[in-house]
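The values are calculated or read from the model by the stated rules, or taken from the named source; none is laboratory data. From a predicted model like this one, the values you see are computed outputs, not experimental measurements. Surface accessibility is based on the protein's heavy atoms, side chains included, excluding ligands, DNA and RNA. Shrake-Rupley method; radii C 1.70, N 1.55, O 1.52, S 1.80 Å.
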Amino acid sequence: MDEKDYIELQNLLVKLRVAALKEISNPNLVPQFRDKDMKIIRYVDWLRNNTILRIYGGDENEQKV
């Protein structure tokens with residue numbers, strides 16, 4: 001994944017997380033949907049923390065961050 005793709009992925013994940021947080025803030029939301037949104041937020045957080053940017057140069061086995 002190159003730098004541009006990494007940034008685009010992070011931006012999309014943040015937008016998804018914000019949309020889920022906005023939906024959770026609705027007091028009339030059915031608890032079933034609230035639980036689903038909480039799972040989405042946890043998955044997005046996991047993806048954002050575990051997505052690694054790898055930029056290769058020279059030797060393909062060498063990793064530069």
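Thr51 fulfils the conditions (1) of a type in the set (S, T, N, Q); (2) at pLDDT 80 or above; (3) open to solvent by less than 80 Å² (accessible area, probe 1.4 Å) except for a single criterion, (2). Taking the condition open to solvent by less than 70 Å² (accessible area, probe 1.4 Å) and modelled with pLDDT of 95 or more, does Val18 pass? So Val18 fits the description; yes.
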